[in-house]
Amino acid sequence: MLHFGLATTSEIAEELAARLRAHRLAQNLPQSELAARAGISHRTLTTFEQSGKVSLDVFLRIVSVLGLSESLSTLFEVKQQTIKEMELAEQRRQRASRRRS
């Protein structure tokens, strides 16, 4: 299994495409049917499964059709480690700090 922390963006994209392809196959879903349900072309799906390159919208459509949307719910959650971090998290940031020269 790929270690995402050490991988390039291309490697991560290819790994995600391979995982979604595995889910498609596990559901015995032909590419043509997945593409039709997702509202994308068969060629777009084929390209995605081979290279991992696709728009975020198309990626999310594929995830949704495969019934994996719930898997995204914890993807980028901010995890608190200490009480101080939890207190700071309650004061949700509205924007980044100004950079100092």
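The values are calculated or read from the model by the stated rules, or taken from the named source; none is laboratory data. Keep in mind that what you see is a predicted model, and the values were worked out from it rather than measured. Neighbour counts run over all protein chains shown; Cβ positions are idealised from the backbone, glycine included.
Summary of computed values
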{"item": "Checking T47 against (1) under 19 Å from the mean Cα position of the chain (by Cα); (2) in a loop (DSSP other than H, G, I, E, B); (3) surrounded by 12 or more Cβ atoms within 10 Å (Cβ to Cβ), the condition it does not meet", "result": "(2)"}
{"item": "Within the stretch 23-42, tally of residues that are loosely packed, with under 11 Cβ neighbours inside 10 Å and either of a type in the set (K, R) or assigned to a helix (DSSP H, G or I) (or both)", "result": "1"}
{"item": "So R61, is it free of Cβ contacts under 8 Å to residues at least 12 places away in the same chain and part of a helix (DSSP H, G or I)", "result": "no"}
{"item": "Restricting the stretch 1-22 to residues that are touching an Asp or Glu at 6+ places or on another chain (Cβ under 9 Å) and surrounded by fewer than 15 Cβ atoms within 10 Å (Cβ to Cβ), the residue that is farthest from S71 (Cα to Cα)", "result": "A7"}
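Condition check ((1) within 20 Å of F76 (Cβ to Cβ); (2) at pLDDT 95 or above; (3) of a type in the set (G, A, S)) across all residues:
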| residue | (1), (2), (3) |
| --- | --- |
| H3 | yes, no, no |
| T8 | yes, no, no |
| E11 | yes, no, no |
| L20 | yes, yes, no |
| Q27 | no, yes, no |
| A35 | no, yes, yes |
| T46 | no, yes, no |
| E49 | no, yes, no |
| V54 | yes, yes, no |
